[in-house]
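A short worksheet on the structure shown next.
The values are calculated or read from the model by the stated rules, or taken from the named source; none is laboratory data. Keep in mind that what you see is a predicted model, and the values were worked out from it rather than measured. With ideal geometry, Cβ positions are generated from the backbone for all residues, glycine too; neighbour counts draw on all protein chains shown.
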Amino acid sequence: MSDDAVVRPRPEAAVTLRPAAGARIEGGFWGDRQRVNRDVTIPLGGERIRESGAFANLEAAARGAGGEHRGKVFADSDVYKWLEAVAWERGRAGDDERGRTGGDDLGRPYAGDGEGGRSQAGGDGLARAYEEAVALVAAAQRPDGYLHTHTQLTGREPYSDLASSHELYCAGHLMQAAVAGSRALGDDTLLRVATRLADHLVKDLPAGALDGHPQIETALAELYRETGARPYLDLAIRMVTDRGGERLPLKGHHGPGIRQDRVPLREATTVEGHAVRAMYLAAGATDVAVETADADLLAALTRQWRDMVATKTYLTGGLGSVWYGEQFGGPHELTPETAYCETCAAVGSVQWSWRMLLATGEAAFADLMERTLHNAVLPGISLGGDRFFYVNALRVRAGANPDDRRAAARGRQDWYGTACCPPNVMRLLSSLDHYLATGDDEGVQVHLYAPGTIRAGGVLLEVETDYPWGGRVELVVRETPDHPWTLALRIPAWADGAGVEARFGGGDQRADPGVDGRTVAPGGYHRVRRVWRRGDRVTLDLAVRPRLTAAVPRLDVARGQVAVERGPLVYCLEQADHPGVIVDDLCLDTNPGLRDGSPVTGLPAEVVPVVARGRAHVHRADDAGFPYRTAGAPREPEHEGPVALTFVPYYAWANRGTGPMTIWTPMH
Ligand code: FUB
Ligand code: ZN
């Protein structure tokens, strides 16, 4: 995106923010991940959350009992995120029952009264578990609408410790679950709970009060969209405006930045502090900017987003390089082995970029979403869907200390005492269909490529692809209005050499300058406007092939090193593929280059590895002493070689045991 790109809020973006019932993933890369999410992760997550005591807290609150609260102060939010995931998932199952082309339109999903529509699909155990949990949440709510089990069970005064209590953070997650229940299932049970709590906030929250952990801002905006109740949006506006005034009390060594309270959002030039909090706040502020057509606020957010991408984003899209306080580091402080890259921060980043995309239509936002989804969200969950990473390091050294439960060196974990990440991945995967495409008066914009269908404004597109393994995407027009409309296809910034060609049905075989087989420019949308006919077919070739990526010099921890990427996927060297050598010692020969390899043992057959030739540095006996020597002093032999290098997609690492791994590989 160029610096002078027009930044203008588009109030209609609020409409497209509604989930795209008409966009539907059917199998393929993401469909597989969604299937595992539905069949393994969501049921298992429900059990783990029950074991953590979060349901017991709600039961105790429902009984009006005081006493012990189990788990973290934000334990309620685990239940709410899980409920949100289940609601979206059940909505998708409902789509199955309606048939593939069901739903209404990108802008008005689930419209109508559910004639064959909102079945209680997923009909079975999941539906029952959902309904019981919703009833429990409703029962736990105080008669005056207040709800936060930690406060209720410990008898603390509501809203008396907002800097730490996470009361509004939990309220926000409840609201998002409620919005999902309403949109996906047409069920307003949770929505009624959420609006009573929101009304309590509007009435009883002390003037100027803010939560130490932003989250509620975007939730209030969404609740406003769902209900039309303006006070909810007004409260979100107030919270976004008041932020940055150093209002929150400080704790320990932390300054106000960690709680996003150091610089007012309109003045901020970068992101700072706790990465998840920063992302959630930015997403909420973008909602506010769009709803109020506030161009200044959107310009400030754009500035911050650009600076984040330019100086504080890992190659994976991961965010946060400082473990202390789970924070952003300084510019270009992007050390691979101490990367924090919390999975939740990646989820928050997708949410923010999605809102920026809707507000501006700029492809750069979709580019970051795609990078982050594949390489920063997905690594947070195992291929089997039952083990998780909270922290996503870009490098693990031989002998790395596995003591901290979050340490990548310890491998994926069954669950975490702070279990924010797993249910965040669940809700994102179960709602991923919503992020594929948008529609407006111009036509249809396709942002992410997955097999399935896209329905918008009288258009029905069928998409076939095995992306990201292959770069070919076939889009077939199945239904179309008679008037001209524009098909906008995102060409990712990495897609040098991408091409588009078309076959028009309906007897119209004229060449079209937009689709004549020529190469199209990466880093934007390729637009084709015409009167379309059923059966028209556009083929996009995104030229997916292995490539080498280097970092700017200021990112000195990566100087002299390269990363392998292929399409939207970042690759890594993993110990499992390099017996007899240690990954820490490997370096890459760029001659004869990179090529696609054959399937590797222990990973699904469709995973395309990248192979290359490399060498291993010799680790000599005297290297085990003081590991420094006079610069330039001869050291023979330097290398053993050649070594066959196998790079695998980073998201798939640590599924075959945990050992050394690196995304950046030295060139010598
Ligand atoms: O504070 C709630 C969540 O716990 C944060 O978003 C995560 O970073 C973890 O600290
Ligand atoms: Zn998390």
### Query
Consider residue 606 against the criteria (1) in a loop (DSSP other than H, G, I, E, B); (2) out of contact with any Phe, Trp or Tyr (no Cβ under 7 Å at 6 or more places or on another chain): it satisfies all of them except one. Which criterion is unmet?
(2)
### Query
Which one is surrounded by the fewest Cβ atoms within 10 Å (Cβ to Cβ) among residues in region 517-544 that are assigned to a strand (DSSP E or B) and among the hydrophobic types (A, V, I, L, M, F, W, C)?
528
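Residue-wise test of (1) in contact (Cβ under 8 Å) with a residue 24 or more places away in the chain; (2) in contact with a strand residue (DSSP E or B) (Cβ under 9 Å, 6 or more places away or on another chain); (3) in the same structural domain as residue 555 (by TED's automatic domain parsing); (4) surrounded by fewer than 23 Cβ atoms within 10 Å (Cβ to Cβ).
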site: 316; (1), (2), (3), (4): yes, yes, no, no
site: 324; (1), (2), (3), (4): no, no, no, yes
site: 328; (1), (2), (3), (4): yes, yes, no, no
site: 332; (1), (2), (3), (4): yes, no, no, yes
site: 335; (1), (2), (3), (4): yes, yes, no, yes
site: 344; (1), (2), (3), (4): yes, no, no, no
site: 381; (1), (2), (3), (4): yes, yes, no, no
site: 385; (1), (2), (3), (4): yes, no, no, no
site: 389; (1), (2), (3), (4): yes, yes, no, no
### Task
Could you check how many residues of region 575-600 are at pLDDT 95 or above and hydroxyl-bearing (Ser, Thr, Tyr)?
1
## Note on the structure
The residue from 629, 566, 615 that alone is closer than 28 Å to residue 311 by Cβ and not assigned by TED's automatic domain parsing to the domain that holds residue 521 is 566
### Task
Could you check, for region 343-353, whether at least one of its residues is within 16 Å of residue 276 (Cα to Cα) and away from ligand 1 (no atom under 16 Å from the Cβ)?
yes
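So that you can scan it fast, the table gives a plain yes or no per residue for (1) more than 16 Å from ligand 2 (Cβ to nearest atom); (2) in a loop (DSSP other than H, G, I, E, B); (3) touching a residue at least 12 places away in the same chain (Cβ under 8 Å):
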{"position": "248", "(1), (2), (3)": "yes, yes, yes"}
{"position": "257", "(1), (2), (3)": "yes, no, yes"}
{"position": "267", "(1), (2), (3)": "yes, yes, yes"}
{"position": "276", "(1), (2), (3)": "no, no, yes"}
{"position": "279", "(1), (2), (3)": "no, no, yes"}
### Query
Can residue 360 be described as within 13 Å of ligand 2 (Cβ to nearest atom) and either β-branched (Val, Ile, Thr) or under 22 Å from residue 258 (Cβ atoms) (or both)?
no
### Task
Within region 409-419, identify whether any single residue is buried (at least 23 other Cβ atoms within 10 Å of the Cβ) and within 18 Å of the chain's Cα centre (by Cα), and answer yes or no.
yes
### Query
What single numbered condition from (1) more than 16 Å from ligand 2 (Cβ to nearest atom); (2) crowded, with 22+ Cβ neighbours inside 10 Å; (3) among the small types (Gly, Ala, Ser); (4) at positive phi fails to hold for residue 353?
(4)
#### Entry: Sole residue being within 26 Å of residue 94 (Cα to Cα) and in contact with a helix residue (DSSP H, G or I) (Cβ under 9 Å, 6 or more places away or on another chain), chosen from 223, 201, 197, 205
223
## Note on the structure
Reported set for region 123-180 where residues are aliphatic (A, V, I, L, M), surrounded by fewer than 21 Cβ atoms within 10 Å (Cβ to Cβ) and within 16 Å of ligand 1 (Cβ to nearest atom) is 163
### Query
Out of region 181-225, which residues are among the small types (Gly, Ala, Ser) and surrounded by fewer than 24 Cβ atoms within 10 Å (Cβ to Cβ)?
182, 186, 207, 208, 209, 212
### Task
Using the structure shown, decide if residue 419 is assigned to a loop (DSSP other than H, G, I, E, B) and touching a residue at least 40 places away in the same chain (Cβ under 8 Å).
yes
